[in-house]
Amino acid sequence: MTGGEMRSAKNPAMHPAEAPAELPAEVPAKAHAGKGSPGRVRTRVRRLRTALVAMGALTAAVLPAACASSDGLVGGGATFPGAAIRVVPGDGAHDVGAGGRFEVRVPAGRLERVEVRRTGDAGRQRVAGRITPDGLIWRPAAGALAPGSRYTVDAVALDGAGHRSARHTTFTTSVPRGRFAGFFSPEDGTTVGTGMIVSLEFNRPIADRAAVERAVTVTADPAVEIAPHWFGNRRLDFRPRERWRPGTDISLALRLRGVRAGPDMYGTQRKTIHYRVGRDQITLVDVARHTLTVRRRGRAPVTFPVTAGNAENPTYNGKMVILERRSVTRMNGHTVGFGGEYDIADVPHAMRLTRSGTFLHGNYWARPRVFGGANTSHGCVGLKDIKGGGRATPAGWLFRHSIVGDTVQVHHSRGGTVAPDNGLGGWNLPWGQWKRGSALG
């Protein structure tokens, strides 16, 4: 499922990565002949199931997952009736009442696993709940939802033949009237890549951005200059001039409690979040050559053959940052404006790069010749994989050696440069222009 993304969103959770092992010697691009991530599905081809993961990691907004193609299709990801995992509240829902309806269900088959986590002032907590004896519904324990929190839902279902489908959604509960809060990602204590941009999304529009900016600080040890940048009146990002040095400790201090952000609107938070910057790794994608090369300081580069966006749906150029990682996810063309062109229930090793739906992901349905030979996707970058995800495949290797905050840079695509607010695309703004985005001048 090397897929596509919603082009109308051109301007714009995670499971910690395993401790990276030593990088192997370079893998020749032709070692896995083929190109990876299919393009548009034809009506005569079996419908693919492709997925959307609403990333709750970066913000509480809906983050569609889009990527898949049928060119060079080998078997396809056939759908099954039990694959339609439904979550209420819906993906990306805002201001959900703490006492409202909350459940996960499937029309057939059974739920294998449901994991719900809450992020709020109390930190990250698991939400208790149970699957009904018939396996069709998961419900939380009484009083499980709290106000002013972001929830992530991860569910896996099986049909009668043992086919697996996954769903990832997010929603936020309402903050008391007259109050506002900032949602951040990843969670406190996470080790991040050197390309991480600290980003806050507010649940309500901020009228007095200067007052809020004064109450939010990001510092680093060792110290570097860090500047804020507003994208509209709900999002505030922070980054240094260059990527972080490995080993840097980053602190995000929210001193918003009692801060007046507008008429009769005051902040609720007072807390500090800490991140640790891990090793320095950058992934370079050359769309014209159909290659992906991983570079890490002190290690030999590793290169894999890939497939990227086709002529109608080119992959974005520029610097992007891994926002979230999913061992398996669903990608559905309907969520990003491609209608029924694809719907893949079990896309393996998926890593989100933009809010609009650009992913790096595994592809088990394309013919081997596709990888390294043609660009067939709806905008994503696909690597060779097997159904269920293989640890030793190119996609499995990249997934194991990547973490949230790693930089992915795309060259030689026919597409434009990714917008700075599409995911964590702020590295594409010159430093002077970035600094002019502060409300304090």
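Numbers at a glance
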{"item": "Among residues of the stretch 422-440, those that are under 24 Å from the mean Cα position of the chain (by Cα) and open to solvent by less than 40 Å² (accessible area, probe 1.4 Å), counted", "result": "8"}
{"item": "Check on Val104, closer than 15 Å to Val156 by Cβ, at pLDDT 90 or above and within 23 Å of the chain's Cα centre (by Cα)", "result": "yes"}
{"item": "Considering residues of the stretch 375-384 that are part of a loop (DSSP other than H, G, I, E, B) and over 30 Å from Arg276 (Cβ atoms) only, the residue most open to solvent (accessible area, probe 1.4 Å)", "result": "Asn375"}
{"item": "Considering residues of the stretch 351-371 that are part of a strand (DSSP E or B) and in contact with a helix residue (DSSP H, G or I) (Cβ under 9 Å, 6 or more places away or on another chain) only, the residue farthest from His401 (Cα to Cα)", "result": "Phe371"}
{"item": "Arg177, sole failed condition from (1) under 28 Å from Leu145 (Cβ atoms); (2) more than 25 Å from the chain's Cα centre (by Cα); (3) open to solvent by less than 20 Å² (accessible area, probe 1.4 Å); (4) not aromatic (Phe, Trp, Tyr)", "result": "(3)"}
{"item": "Index of the failed condition, Cys380 passing every other in (1) of a type outside the set (D, E, K, R); (2) in contact with a Cys (Cβ under 7 Å, 6 or more places away or on another chain); (3) under 24 Å from Arg241 (Cβ atoms)", "result": "(3)"}
{"item": "Complete set of residues in the stretch 243-258 that are assigned to a loop (DSSP other than H, G, I, E, B) and charged (D, E, K, R)", "result": "Arg243, Arg245"}
{"item": "Leu111 vs. criteria over 20 Å from Thr272 (Cα atoms), modelled with pLDDT of 90 or more, open to solvent by 40 Å² or more (accessible area, probe 1.4 Å) and not basic (Lys, Arg)", "result": "no"}
{"item": "Odd one out for Thr191 among (1) at pLDDT 90 or above; (2) in contact with a helix residue (DSSP H, G or I) (Cβ under 6 Å, 6 or more places away or on another chain); (3) of a type in the set (S, T, N, Q)", "result": "(2)"}
{"item": "Which listed residue is over 26 Å from Glu187 (Cα atoms), open to solvent by less than 20 Å² (accessible area, probe 1.4 Å) and of a type in the set (Val, Ile, Thr), from Val321, Val410, Val418", "result": "Val410"}
{"item": "Count - residues of the stretch 188-213 that are open to solvent by 10 Å² or more (accessible area, probe 1.4 Å), assigned to a loop (DSSP other than H, G, I, E, B) and closer than 23 Å to Ser402 by Cβ", "result": "3"}
{"item": "Residues of the stretch 221-234 satisfying the condition of being open to solvent by less than 30 Å² (accessible area, probe 1.4 Å) and either more than 29 Å from Pro246 (Cβ to Cβ) or out of contact with any Pro (no Cβ under 9 Å at 6 or more places or on another chain) (or both)", "result": "Pro228, Trp230"}
{"item": "Residue in the stretch 139-156 that is at pLDDT 90 or above, outside any strand (DSSP E or B) and surrounded by fewer than 20 Cβ atoms within 10 Å (Cβ to Cβ) present", "result": "yes"}
{"item": "Any hit, the stretch 244-256, residues being in contact with an Asp or Glu (Cβ under 9 Å, 6 or more places away or on another chain), acidic (Asp, Glu) and open to solvent by less than 10 Å² (accessible area, probe 1.4 Å)", "result": "no"}
{"item": "Condition met for Ala261 (within 30 Å of Gly178 (Cα to Cα) and surrounded by fewer than 21 Cβ atoms within 10 Å (Cβ to Cβ))", "result": "no"}
{"item": "Some residue of the stretch 225-240 being in contact with a Gly (Cβ under 9 Å, 6 or more places away or on another chain), in a loop (DSSP other than H, G, I, E, B) and modelled with pLDDT of 95 or more", "result": "no"}
{"item": "Only listed residue being at pLDDT 95 or above, in contact with a His (Cβ under 6 Å, 6 or more places away or on another chain) and open to solvent by less than 50 Å² (accessible area, probe 1.4 Å), chosen from Pro301, Pro305", "result": "Pro305"}
{"item": "Any hit, the stretch 115-128, residues being open to solvent by less than 30 Å² (accessible area, probe 1.4 Å), of a type outside the set (Gly, Ala, Ser), assigned to a strand (DSSP E or B) and at pLDDT 85 or above", "result": "yes"}
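Let's see how each residue does on (1) in a loop (DSSP other than H, G, I, E, B); (2) within 30 Å of Arg113 (Cα to Cα):
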| residue | (1), (2) |
| --- | --- |
| Arg276 | no, no |
| Ala288 | yes, no |
| Arg295 | no, no |
| Ala311 | yes, no |
| Val328 | no, yes |
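Here's the yes/no breakdown for (1) under 21 Å from Leu200 (Cβ atoms); (2) part of a strand (DSSP E or B):
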site: Gly373; (1), (2): no, no
site: Phe399; (1), (2): no, no
site: Val404; (1), (2): yes, no
site: Val410; (1), (2): no, yes
site: Gly441; (1), (2): yes, no
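The values are calculated or read from the model by the stated rules, or taken from the named source; none is laboratory data. Bear in mind the structure is a predicted one, so any value in this text is a computation, not a measurement. As a convention, Cβ positions derive from the backbone with ideal geometry for all residues, glycine included, and neighbour counts pool all protein chains shown. Note: accessible area is taken over every heavy atom of the protein model, side chains too, but ligands, DNA and RNA are not part of it. Shrake-Rupley method; radii C 1.70, N 1.55, O 1.52, S 1.80 Å.
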